[in-house]
Amino acid sequence: MRNLLLIFLVNISVVFSQKITVGLYNEHIVKSIDISIQKGSFLFFTDSTLVGAIIVTSNPLRVEATENGLSINCNNQFYTCTSFKIIPDRFSDFFQIKPLKPELKARSYEGELRVELTKKNNLIIKNILELDDYLEGVVESEAGSGQLFEYYKVQSIISRTFALKNWNKHDKDGFNLCDQVHCQAYLHKRNSSKNTIDSAVNATSKIVLTYQDSSYAPTYFHANCGGQISDPEWVWNSSIGGLYTFEDPYCRHTKQATWTKSIPLARWKDYFKKTYDFPIEDSAYFNLLTNFSQVQRMSFFIHPQFGIPLRDLREEFRLKSTYFSVKLIENNVVLTGKGFGHGVGLCQEGAMQMAKLGFTSEEILNFYYPNTTLKRQ
Ligand SMILES: [Zn+2]
Ligand SMILES: [Zn+2]
């Protein structure tokens, strides 16, 4: 009977609790951090041995990578170990982490913090917490403050779907996802919309976007598509099932709908001459290079036969999008563009506008991810 009860409890915890491990600051080589408690209290452990508790008023706890392993300084008591962790008393407790070497911006997080060493003696910093608590941080980082509840629901569902679809993306690094746009931005800030965000994550808990065969939908998103969603092939040179180009009428008058950029003619010519051996001396070719119009999104500059992908120009000239036209004005090439980002999947500003117009989160998701359905896991 006791065993049965145990199995039952274990099953419940599997169903109701899904923890994610996120790598923090992993794009940097971090050698030293300070940890301070901002709410509640945390137990701290060195190599699985309980050492003590730290609370809001405690001095920051310093963790450094040394030749002999991790060095922990807690109120001038020193410990050496190979792994270190702090565990919160309550789920709402949170701590602040401040990298000192190199000096980086401090951030606050909920959940457990674990620090280990890489083979090269750098810190691996991991935050382990409930999937939905992680999603609150992601939605805040990716959507900012001041959005409608319905939009936050959209962002919660696509971020949850992304996390589950890419669960093993950082297997080799020892965690599930990183905290950067490489995966999803997770820079917990606790802005004024925190309550609305938390409610939206909660209201959509366990809901994901899937295709008919139950596979997770590829929930790519970007800031603004400029009025036309991109085909993934134009951006990454490979198609992604279920995603294709179509017109988006909802984002055309929003914040990042248009942009312009002026580039010195000499720099423009130089790039095409050097990179593509483009015959700039020939006036017909020169005209092509300085008069280019993109009414509908294209994947190549001028004509596919020249083999100049627009995504390469976006990277080279750091453009907001590939959806632009070109004109020559005196000694400058002036680019007039639409949208911001790769343009694949969901257009955030269009989706925010749809929410303002009264569309439900389900309608918004169906518009940007055709042929998908919401599924409760
Ligand atoms: Zn990543
Ligand atoms: Zn759009």
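Key figures for this structure:
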{"quantity": "Within segment 335-361: backbone nitrogen closer than 11 Å to the residue 236 label point (7 Å, Cα to C-beta)", "calculated": "344-345"}
{"quantity": "Antiparallel DSSP beta bridges within the chain, as percent of all bridges there, nearest 5", "calculated": "95"}
{"quantity": "Among 324, 106, 187 the positive-end extreme of the charge dipole of the chain (Cβ point charges)", "calculated": "106"}
{"quantity": "Diffusion coefficient, µm² s⁻¹, Stokes-Einstein with Kirkwood Rh over alpha-carbon pairs of segment 213-268 at 10 °C and 1.306 mPa s", "calculated": "115"}
{"quantity": "Per residue, the convex hull volume that the Cα atoms of segment 225-377 enclose (Å³)", "calculated": "119"}
{"quantity": "Full-stretch length increase - residue 255, residue 270 - with 0.36 nm per residue and alpha-carbon distance subtracted", "calculated": "2.1 nm"}
{"quantity": "Radius ratio Rg over Rh of the chain, counting only Cα atoms, Kirkwood formula for Rh", "calculated": "1.05"}
{"quantity": "Three semi-axes of the equivalent ellipsoid, segment 258-338, Cα gyration tensor, whole Å, largest first", "calculated": "18, 15, 12"}
{"quantity": "Over 20 Å between alpha carbons, listed pairs 85/126; 101/126; 31/105; 105/206", "calculated": "105/206"}
{"quantity": "Size of electric dipole in segment 258-338: Cβ of Lys, Arg +1 and of Asp, Glu -1, about Cα centre, debye, nearest 20", "calculated": "420"}
{"quantity": "Dipole of the chain, positive direction: furthest Cα of 333, 371, 200, with charges on the beta-carbon", "calculated": "200"}
{"quantity": "Simple spin-label estimate for residue 62 and residue 89 in nanometres, 7 Å along Cα-Cβ", "calculated": "2.7"}
{"quantity": "FRET efficiency, residue 205 to residue 105 (Cβ-Cβ, R0 35 Å, nearest 0.05)", "calculated": "0.70"}
{"quantity": "Which of 118, 204, 219 has the fewest Cβ neighbours within 10 Å, and the rest in rising order", "calculated": "118, 204, 219"}
{"quantity": "Pairwise label distance in nanometres, residue 316 with residue 330, each label 7 Å out on the Cα-Cβ vector", "calculated": "2.5"}
{"quantity": "Signed unit charges on C-beta, dipole axis of segment 19-129, positive-most listed residue 37, 124, 88", "calculated": "124"}
{"quantity": "Neighbourhood charge, 15 Å Cβ-Cβ cut-off, centred on residue 289 and excluding it, Lys, Arg +1 and Asp, Glu -1", "calculated": "-1"}
{"quantity": "Packing-based exposure ordering (other Cβ within 10 Å, fewest first) of 347, 74", "calculated": "74, 347"}
{"quantity": "Segment 19-129 - convex hull of alpha carbons, volume per residue in Å³", "calculated": "96"}
{"quantity": "Inter-label distance, nm, simple model (7 Å from Cα along the C-beta direction), residue 118/residue 363", "calculated": "4.8"}
{"quantity": "Unit charges on C-beta of K, R, D, E only; dipole of the chain, Debye", "calculated": "360"}
{"quantity": "Helix-only CD estimate at 222 nm, as mean residue ellipticity for the chain, using -39500 (n - 2.57) per DSSP H run (n ≥ 4)", "calculated": "-8000 deg cm²/dmol"}
{"quantity": "For segment 304-317, 3J(HN,Hα) per residue [Karplus equation, 6.51 cos²θ - 1.76 cosθ + 1.60, θ = phi - 60°, Hz, x = Gly/Pro]", "calculated": "x, 5, 7, x, 10, x, 4, 5, 5, 5, 4, 5, 4, 9"}
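Any read-out appearing in this document is the output of simple, stated calculations on the displayed coordinates, not a laboratory observation. Quick caveat, the model's predicted, so the values are computed rather than measured. Quick reminder, even Gly has a Cβ in these numbers, built from the backbone with ideal geometry, and neighbours come from all protein chains shown.
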